[in-house]
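Structure first, then comments.
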Amino acid sequence: MSLLTDAWFWAFVAMFGLQCATFVVSGHRLGRNLAFTALALTAVTIGRFLLVLPFCPQPRFDISIWNWIIGGIVLLAAGAIGIPTLSIKWWRAPDPQMRLRTSWPYSIVRHPMYLSELLWPIGWSIWWGSIYGLALTPICWIGLLLHVLTEEKQLEEKLGSQYDDYKKQVPGRIFPRLPI
């Protein structure tokens with residue numbers, strides 16, 4: 001099997017990209033490099049997408065047309081939650097001049113982009129019947145949670161009590177109403 005068709009290789013690429021993205025939001029010097037930021041975002045996105053596609057041999061499930069219907073609904077939900085977040089400067093660390101957003105979808109969870117980031121691979125995994133894609137989603141969630149903790153530390157430092165008040169109003173980091 002070629003490295004390019006190895007699902008575990010793409011899972012590694014995705015997690016590597018996610019961990020590199022943590023440098024970006026932490027304000028680390030390396031994360032301020034535009035080429036590094038582009039590499040991190042490309043790795044996390046492409047890795048998670050290619051992992052589930054049919055050219056990566058893996059156990060698959062087939063529930064006939066329901067794969068496409070359920071997967072499509074999850075992908076639409078990911079888009080509905082994630083697209084409004086694209087107007088923020090998500091490729092940079094938080095800065096003191098930023099404006100805290102609290103309307104849809106930020107009124108549901110503090111990090112809707114990351115909820116979308118979890119729904120996206122779930123939707124594609126269901127669409128293509130990828131067992132590995134679904135099985136690795138909890139690991140992706142843990143990686144995102146570690147990323148969120150770094151980002152929230154930066155937001156607390158930059159926005160102070162404004163962010164503390166927002167955290168009380170919206171307890172869910174990634175999942176609605178759940179402080180995890």
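Nothing in this text is a laboratory measurement; each read-out follows from the coordinates by a stated rule. Since this is a predicted model, take the numbers as computed values, not measurements. Here Cβ is always computed from backbone atoms with ideal geometry, including for glycine, and neighbour counts include all displayed protein chains.
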Original post:
What FRET efficiency comes out for the pair Ile180/His28, r = Cβ-Cβ distance, R0 = 35 Å, nearest 0.05?
Top reply: 0.90
Subject >> Label-reachable residues, the range 121-157, where backbone N falls under 19 Å from a point 7 Å from Arg60's Cα toward its Cβ >> reply: 121-137
Subject >> Folded to 0 to 90 degrees: helix 34-52 orientation relative to the chain principal axis, Cα >> reply: 40
Original post:
What do you get for Rg/Rh over the range 1-123 if you use C-alpha atoms and the Kirkwood form of Rh?
Top reply: 1.03
Subject >> About the Cα centre, charge dipole magnitude for the range 57-180 (Lys/Arg +1, Asp/Glu -1 at Cβ), debye >> reply: 160
**OP:** Just subtract the alpha-carbon distance of Arg99 and Glu157 from 0.36 nm times their residue separation and send over the number in nm, one decimal.
**Re:** 19.5 nm
Original post:
Once the Cα atoms of helix 112-128 and of the chain are each reduced to a long axis, what angle between those two axes, in degrees from 0 to 90 to the nearest 10, is obtained?
Top reply: 0
Original post:
When only C-alpha pairs under 8 Å and at least 6 residues apart count, what is the relative contact order of the chain, in percent?
Top reply: 27
**OP:** Measure nothing but the geometry: give the 0 to 90° angle between the long axis through the Cα atoms of 7-26 and the longest principal axis through the Cα atoms of the chain, rounded to 10°.
**Re:** 10
